[in-house]
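Down below is the structure, laid out as structure tokens.
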Amino acid sequence: MDQKRAFSKDLIVLRDIESVINNITEKLRQDVLIDFKRSGGVVGISGGIDSSVCLALAAKAFGHEKVLGVIMPEKDSSPESEELAIELAKKFKVKTVKEDITGALTGFRCYERRDEAVKRVFPEYDPNTYKMKIGIRQSGLFSNLPPVFTLTIIDKEGKQQDKILHISEYLQIVAASNFKQRSRMSILYYHAESLHYAVIGTPNKHEQEQGFFVKYGDGGADVMPIGNLYKSQVYQLAEYLEVPASIIERTPTTDTYTAVQTQEEFFYQLPFNLMDIYWYGYENGYTPGEVAGVMGETETRVEALFKNFERKRRTTDYLRMPPIREYYRFM
Amino acid sequence: MEVEEITIREKVKDYIQQATFIDKDKIRDDSLIFKEGYFDSMGFVLLITFLEENFNIKTNDSDLVEENFESINSITNFILRKKNN
């Protein structure tokens, strides 16, 4: 029987990265080429670490000529995202196509619906002169109280205003913004189907398990090669695969709202290296006491943190569930 | 206990029971409703909206601390404090 290892900060460090990569690429070939009978893979590339590693893995699994990188900017995207995506594709000799989804989003009234809700909170908000973003109140993760969402607007002079978001405005802003991920998913499937390829999804373990993805948006894909990897492990793979340093060094952002917003401030509330190790402790049944001792925290705070993790996992189960169809069985 | 306090307490208790589908008898006035996991973050935002709309109070960033929301007792006291300010 396996002895559970004593909790430590380096439990999740990958020791043999090459064999991890070989396992992933071998399974990608099995799933996509043999089981799905598709000829290659389409990856939406954003200049972020996750999609970059997925593109590199796909190129290694299928050969660079059997991978298409799709760059899908819209009017709120940072220009840096596109530049980095191009740099990445060049590095791995992968062909790219650029699809600007601004027109599609305008057609869905994505921006209009979002701005309408923002204006209900801040009547002075003008999307032409203000930037906006949603954030969470930062003090929450070690507390028993769940986080609340805040809306921030920033004017041309950089003056920032924040307000707690009420439910209807929060839901409308999120629902409108989710058109972005769902439009991207549609474009990816267009290219995948027209090439007889599979869509390679880019969410990592945290995004999957904590529900930081859009159902049928970035959560819509045929395979998710890094779906079981912690963020710090994704970085280990990125280094090994020689993803450009400009991508590795970039702070992960949502690139969803007009104001710059890190993933940490929007969702995770903890730096990735800490999130990884706490999550490992939580999901592997280490007690708050065992984890607190190693992390220099109090047991009470780690207990609250684990409860937060549990709540996050439970409340996002719906996102991970396929449609339920067992309503009536004809015998 | 004042009439106003009793009314607030009952309204809060009714809301929590309706929102969580938990038997009213199982939620005591001092049950730690967040620690025990009755509410998620969406539930918390809905609770704040309910309190603001029904008791005509405004919640500020600094109000969002455990002591104000951890139980029916603390929510009732929070509303009373807000209304008296």
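Quick notes on this structure:
- Filter result (over 18 Å from B:PHE21 (Cα atoms), more than 10 Å from every other protein chain (Cβ to nearest Cβ) and buried (at least 17 other Cβ atoms within 10 Å of the Cβ)) within region B:58-79: B:SER74, B:ILE75, B:THR76, B:PHE78, B:ILE79
- Of the listed requirements (1) more than 23 Å from A:LYS37 (Cβ to Cβ); (2) touching a residue at least 12 places away in the same chain (Cβ under 8 Å), A:LEU171 misses just one: (2).
- Restricting region A:140-174 to residues that are surrounded by 14 or more Cβ atoms within 10 Å (Cβ to Cβ) and small (Gly, Ala, Ser), the residue that is farthest from the other protein chains (Cβ to nearest Cβ): A:GLY140
- Restricted to helices (runs of 4 or more DSSP H) entirely inside region B:1-71, those with at least 2 residues that are within 17 Å of A:LYS307 (Cβ to Cβ) are B:41-55, B:66-69.
- With respect to the conditions (1) outside any helix (DSSP H, G or I); (2) touching a residue at least 12 places away in the same chain (Cβ under 8 Å); (3) assigned by TED's automatic domain parsing to the domain that holds A:SER168, A:VAL97 lacks only one, and its number is (3).
- Some residue of region A:215-224 being of a type in the set (D, E, K, R), in a loop (DSSP other than H, G, I, E, B), out of contact with any His (no Cβ under 8 Å at 6 or more places or on another chain) and surrounded by 21 or more Cβ atoms within 10 Å (Cβ to Cβ): yes
- Search result, residues across region A:304-322 that are over 14 Å from A:PRO146 (Cα atoms) and acidic (Asp, Glu): A:ASP317
Quick grid of which residues meet (1) free of Cβ contacts under 8 Å to residues at least 12 places away in the same chain; (2) within 10 Å of chain A (Cβ to nearest Cβ); (3) surrounded by fewer than 17 Cβ atoms within 10 Å (Cβ to Cβ):
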position: B:GLU2; (1), (2), (3): yes, no, yes
position: B:LYS13; (1), (2), (3): no, no, no
position: B:ILE16; (1), (2), (3): no, no, no
position: B:LYS24; (1), (2), (3): yes, no, yes
position: B:ASP30; (1), (2), (3): no, no, yes
position: B:PHE34; (1), (2), (3): no, yes, no
position: B:PHE39; (1), (2), (3): no, yes, no
position: B:MET42; (1), (2), (3): yes, yes, yes
position: B:GLU52; (1), (2), (3): yes, yes, yes
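- Extreme residue, surrounded by the most Cβ atoms within 10 Å (Cβ to Cβ), among residues of region A:231-246 that are in a loop (DSSP other than H, G, I, E, B) and touching a Leu at 6+ places or on another chain (Cβ under 9 Å): A:VAL243
- For region A:3-43, the set of residues classified as among the small types (Gly, Ala, Ser) and over 18 Å from A:TRP279 (Cβ atoms) consists of A:SER19, A:SER39, A:GLY40, A:GLY41, listed by residue number.
- Checking each residue in region A:115-155 for being hydrophobic (A, V, I, L, M, F, W, C) and either in a loop (DSSP other than H, G, I, E, B) or at positive phi (or both) picks out A:PHE122, A:LEU145, A:VAL148.
- Residue in region A:36-43 that is among the hydroxyl-bearing types (Ser, Thr, Tyr), more than 15 Å from A:LYS180 (Cβ to Cβ) and at pLDDT 95 or above present: yes
- Region A:214-245, subset out of contact with any helix residue (DSSP H, G or I) (no Cβ under 6 Å at 6 or more places or on another chain) and of a type in the set (Asp, Glu), residue farthest from A:ILE49 (Cα to Cα): A:ASP222
- Qualifying residue in region A:161-170 (condition: under 21 Å from the mean Cα position of the chain (by Cα) and modelled with pLDDT of 95 or more): no
- Of all residues in region A:90-148, those satisfying the criterion of being in contact with a helix residue (DSSP H, G or I) (Cβ under 7 Å, 6 or more places away or on another chain) and among the small types (Gly, Ala, Ser) are A:ALA104, A:ALA117, A:GLY135, A:SER143.
- Applying the condition of being more than 13 Å from A:ALA176 (Cβ to Cβ) and among the polar types (S, T, N, Q) to region A:96-114 and asking which residue is surrounded by the fewest Cβ atoms within 10 Å (Cβ to Cβ) yields A:THR102.
- Against the numbered list (1) out of contact with any Gly (no Cβ under 6 Å at 6 or more places or on another chain); (2) within 14 Å of another protein chain (Cβ to nearest Cβ); (3) on the phi < 0 side of the Ramachandran plot, A:GLN269 comes up short only at (3).
The values are calculated or read from the model by the stated rules, or taken from the named source; none is laboratory data. Since the structure is predicted, the reported quantities are computational estimates derived from the model, not experimental observations. All Cβ positions, glycine included, derive from the backbone under ideal geometry; neighbour counts span all protein chains shown.
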